[in-house]
Amino acid sequence: GTGDMKIILAALLLLALAGCVSMAKVESGDRPIGDRLVVTLDGPWNQIVNAANLGPAQVWTMEGLTVDELRLYSGIKNGQAIHAERAAASSGPKPKVFAFRSNMQPDEIVTLFEGMLTRDGSRFQLVKLEPVAFGGGKGFRFEYSLTRKFDNVQLAGVGYGVVSKGELFAITYMAPQLAFFPRQVARVEQLCRSARVKDI
């Protein structure tokens, strides 16, 4: 129907905005992310490579960047932003920076992700936050919903995080809550459970 067309057009528009983004297949098995994080994959993902402005996370996708997105953060340091820092335009307000601090509690870290995800005017709602083991340490898990600004699509999201030696390790996943999120969430949960942080 016309709704599908709109989504396709929006996706094409986003791809045009993203510019020369290419994808590389990430095969099954153990995959190191950064220096200290390792995850085990039970099937291939696609990694977004050479896209400017993705920030400190590796970004993977199953269905394509405009649909679902898995972000893997390996060792975000004290004072480091969890997103790409755009050069501020000479005029207008400077975009707010969401930086991790080593002494943050799980709810403060979730607020950091909320801040990053709502920079473009999207609306974030935290559904659940609970302590869980992650990466071999005492971590946390959160679920959220996001209403995407540019097309009002409802996204569902899940994230895991742990702070080890003053650095943040986290994996977040989000996709439209109809069809795509339910399709991949079991794989994402398994991937998160497989995560190991060295020297934790």
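The values are calculated or read from the model by the stated rules, or taken from the named source; none is laboratory data. Just so we're clear, the structure is a prediction, and the values are computed from it rather than from any experiment. Here the Cβ positions follow ideal geometry from the backbone for every residue, glycine too, while neighbour counts run over all protein chains shown. Side chains included, ligands, DNA and RNA excluded: accessible areas come from the protein's heavy atoms. Shrake-Rupley method; radii C 1.70, N 1.55, O 1.52, S 1.80 Å.
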**Message:** I'm trying to understand the selection: among the residues of the range 128-154, which are over 20 Å from Gln190 (Cβ atoms) and either β-branched (Val, Ile, Thr) or in contact with a Cys (Cβ under 6 Å, 6 or more places away or on another chain) (or both)?
**Reply:** Thr147, Val153
**Request:** Could you tell me whether Leu155 is within 13 Å of the chain's Cα centre (by Cα), farther than 27 Å from Ser28 by Cβ and not aromatic (Phe, Trp, Tyr)?
**Result:** no
**Prompt:** Do we find a residue being modelled with pLDDT under 95, closer than 19 Å to Ser145 by Cα and β-branched (Val, Ile, Thr) anywhere in the range 64-79?
**Reply:** yes
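Per-residue answers, yes or no, for (1) more than 16 Å from Tyr160 (Cβ to Cβ); (2) over 15 Å from the mean Cα position of the chain (by Cα); (3) in contact (Cβ under 8 Å) with a residue 60 or more places away in the chain:
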residue	(1), (2), (3)
Pro95	yes, yes, no
Ile109	no, no, yes
Phe113	no, no, no
Arg119	yes, no, no
Phe124	yes, no, no
Lys138	no, yes, no
Arg141	no, no, no
**Message:** With the structure loaded, tell me whether Ala84 is under 21 Å from Met174 (Cβ atoms) and either modelled with pLDDT under 95 or not hydrophobic (A, V, I, L, M, F, W, C) (or both) or whether it fails that test.
**Reply:** yes
**Meets criteria (open to solvent by 20 Å² or more (accessible area, probe 1.4 Å), small (Gly, Ala, Ser) and closer than 23 Å to Ile33 by Cα) for Gly121** = no
**Request:** Just need a number here: residues in the range 157-193 that are of a type in the set (A, V, I, L, M) and closer than 28 Å to Arg101 by Cβ.
**Result:** 9
**Message:** With closer than 23 Å to Val39 by Cα and open to solvent by less than 10 Å² (accessible area, probe 1.4 Å) as the only criterion, which of Val158, Val185, Val163 stands out?
**Reply:** Val158
